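Here is the structure we will look at.
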Amino acid sequence: MITVKVNTNGYGGRELRKNITVWTSDQKTPNHTLSISGLVEKFVIIEPKVARLNGPVGQPIQSSIKIIPLEKYPFTIIGVKARWGINIAYDLRKDVDGSGYTLTVTNRKKTKGRYADSVRLQTDSTIQREINIYVYGHIVQERPKEVRTIQ
């Protein structure tokens, strides 16, 4: 028996379609294509889906992400860590009304440039043990203020 697993990450609330080619020793039909399709249920609402940290060097830059477990699949976030953590800081707080969480990601990069990272949220769910929030940073050199003289 062969087991086929399909990764449904990122498909929540959408239709998933995958084809699998099976090769056999049958000379008349050496291969068969199997199709897997179906609607993948949402597990969580994440708004926005990624943290974008864009702005000038030396200015405070942060992004807040709402994480709301769906009532059908409740979970608790039991841990949080960054993949790299070099250019970002993060803070996760449970919302006062108990409906979800707010993740705040802050830029720590002191020079201009781009970077990518992710914040990994560990859950107590058997459905999805980890939720990845991707972080993209684009730090630019601040333009000097234009000085105009009035004549």
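The values are calculated or read from the model by the stated rules, or taken from the named source; none is laboratory data. Since we're looking at a predicted model, the values are computed, not measured. Note that each Cβ is placed from the backbone with ideal geometry, even for glycine, and that neighbours are counted across all protein chains shown.
Can you pull out every residue in the stretch 1-59 that is under 30 Å from Tyr115 (Cβ atoms), β-branched (Val, Ile, Thr) and not in a strand (DSSP E or B)? Working first, answer last.
Initially, the stretch 1-59 is screened for residues under 30 Å from Tyr115 (Cβ atoms), giving 7-14, 42-59.
Now narrow it down to the ones that are β-branched (Val, Ile, Thr): 8, 44-46, 50, 57.
Within the stretch 1-59, Thr8, Val57 qualify.
Which is surrounded by 12 or more Cβ atoms within 10 Å (Cβ to Cβ), more than 27 Å from Thr126 (Cβ to Cβ), touching a residue at least 60 places away in the same chain (Cβ under 8 Å) and out of contact with any Leu (no Cβ under 7 Å at 6 or more places or on another chain), of Asn87, Asn54?
Working: Asn87 fails: touching a residue at least 60 places away in the same chain (Cβ under 8 Å).
Step by step, each of Asn87, Asn54 is checked, and only Asn54 is surrounded by 12 or more Cβ atoms within 10 Å (Cβ to Cβ), more than 27 Å from Thr126 (Cβ to Cβ), touching a residue at least 60 places away in the same chain (Cβ under 8 Å) and out of contact with any Leu (no Cβ under 7 Å at 6 or more places or on another chain).
A residue that is surrounded by 11 or more Cβ atoms within 10 Å (Cβ to Cβ) and farther than 30 Å from Gly137 by Cα can be found somewhere in the stretch 58-73.
Among the residues of the stretch 1-52, those that are over 30 Å from Ala89 (Cα atoms) and among the basic types (Lys, Arg) comprise Lys5, Arg14, Arg17, Lys18, Lys28.
Residues that are exposed (fewer than 15 other Cβ atoms within 10 Å of the Cβ), at pLDDT 90 or above and touching a Ser or Thr at 6+ places or on another chain (Cβ under 6 Å) do not occur anywhere in the stretch 40-51.
Touching a strand residue (DSSP E or B) at 6+ places or on another chain (Cβ under 7 Å) and either farther than 27 Å from Asn7 by Cβ or among the charged types (D, E, K, R) (or both): does that describe Glu71? Spelling it out, it is not the case that Glu71 is touching a strand residue (DSSP E or B) at 6+ places or on another chain (Cβ under 7 Å) and either farther than 27 Å from Asn7 by Cβ or among the charged types (D, E, K, R) (or both).
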